[in-house]
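Report on the structure given below.
The values are calculated or read from the model by the stated rules, or taken from the named source; none is laboratory data. Everything quoted here is computed from the prediction, not taken from an experiment. Every residue, glycine as well, gets a Cβ built from its backbone with ideal geometry; the counts of neighbours run over all protein chains shown. SASA here: full protein model, heavy atoms, side chains in, ligands and nucleic acids out. Shrake-Rupley method; radii C 1.70, N 1.55, O 1.52, S 1.80 Å.
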Amino acid sequence: MNKTNSALDILIVAVGLMMIVAPAECVQVIVILLGLGAVVSGIMELSTGTSLIPDTVFKMNMIIQGWLSIVVGILAIALPLAFAKVVWTAMVYILAVYLLVLGGLRIAALSKLRAAGIELKKYIFEIIASFAVAVVLFCIPAALGKIIIRIIGIAAIAVAAGLFYYQWKNRVIVESADFVADAEPSGDAADSAADAEPSGNAADEPDSFEK
């Protein structure tokens, strides 16, 4: 079994349990993680996205996405840490709106990407993910939010358990060297097999009788 994948499964289970036991604290962690992700995404958009297609409108789209992500990301990290519980709920809503706007900007960029012949699957997945997370974030401040977080935690544990079982069932079993050695024929057995083969002279004897 792959030790890295096993460790990842254990981490997912731990996060899932935390989401079930302490959903409120998970919201705070999620806000900060989304903020970090937004900052990284913004930097990537500014560094690589703007040079992806030589189109002025597309570059402007990427610049807006990049700076919007960086600003919202910094706010998501700094404000909750500075003002504690006062801005947690507000920051959740800000992140939700940000993801909706980001999804809209990415939809607007799809036509340019398609015209340039760039594969769209990655960008379509990002758009769907942005809208899905935004919907979840809008629900989090309400009572339904804790239920959703717990459901996600249960789903995460189920997925991790399924992946662990799949890896265990398809693990590679390495046979020991002693077993492989025992399976090989010994020297005497090989010699006996060689002696049992007809010699070249014996094979030629029928020709001599025919003569």
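Of all residues in the stretch 37-58, those satisfying the criterion of being closer than 17 Å to ILE107 by Cβ and not small (Gly, Ala, Ser) are GLU45, LEU52, ILE53, ASP55, VAL57, PHE58.
Can you go through ALA96, ALA78, ALA109 and tell me which one is part of a helix (DSSP H, G or I) and surrounded by fewer than 18 Cβ atoms within 10 Å (Cβ to Cβ)?
ALA78 is the lone residue from the list that is part of a helix (DSSP H, G or I) and surrounded by fewer than 18 Cβ atoms within 10 Å (Cβ to Cβ).
Contact annotation: residue pairs with Cβ atoms under 8 Å, 6 or more positions apart or on different chains, pairing a residue in the stretch 114-130 that is part of a helix (DSSP H, G or I) with a partner that is open to solvent by 40 Å² or more (accessible area, probe 1.4 Å) and at pLDDT 85 or above, are ILE127/ILE107; SER130/LEU100. Taking residues in the stretch 22-42 that are closer than 11 Å to PRO80 by Cβ, and partners anywhere that are outside any helix (DSSP H, G or I), the pairs with Cβ atoms closer than 6 Å and at least 6 places apart or on different chains are VAL27/ILE140. The set of residues from the stretch 47-64 being open to solvent by 50 Å² or more (accessible area, probe 1.4 Å) and in a helix (DSSP H, G or I) comprises SER47, SER51, THR56, VAL57, LYS59, MET60, ILE63, ILE64.
With respect to the conditions (1) under 25 Å from the mean Cα position of the chain (by Cα); (2) within 27 Å of ALA24 (Cα to Cα); (3) buried (at least 17 other Cβ atoms within 10 Å of the Cβ); (4) of a type in the set (A, V, I, L, M), ALA129 lacks only one, and its number is (3). Within the stretch 92-113, can one find any residue that is charged (D, E, K, R) and at pLDDT below 85? The answer is yes, given that some residue of the stretch 92-113 is charged (D, E, K, R) and at pLDDT below 85. Does the stretch 35-58 contain any residue that is closer than 25 Å to ILE148 by Cα, at pLDDT below 80 and among the hydrophobic types (A, V, I, L, M, F, W, C)? Taking every residue of the stretch 35-58 in turn, none turns out to be closer than 25 Å to ILE148 by Cα, at pLDDT below 80 and among the hydrophobic types (A, V, I, L, M, F, W, C).
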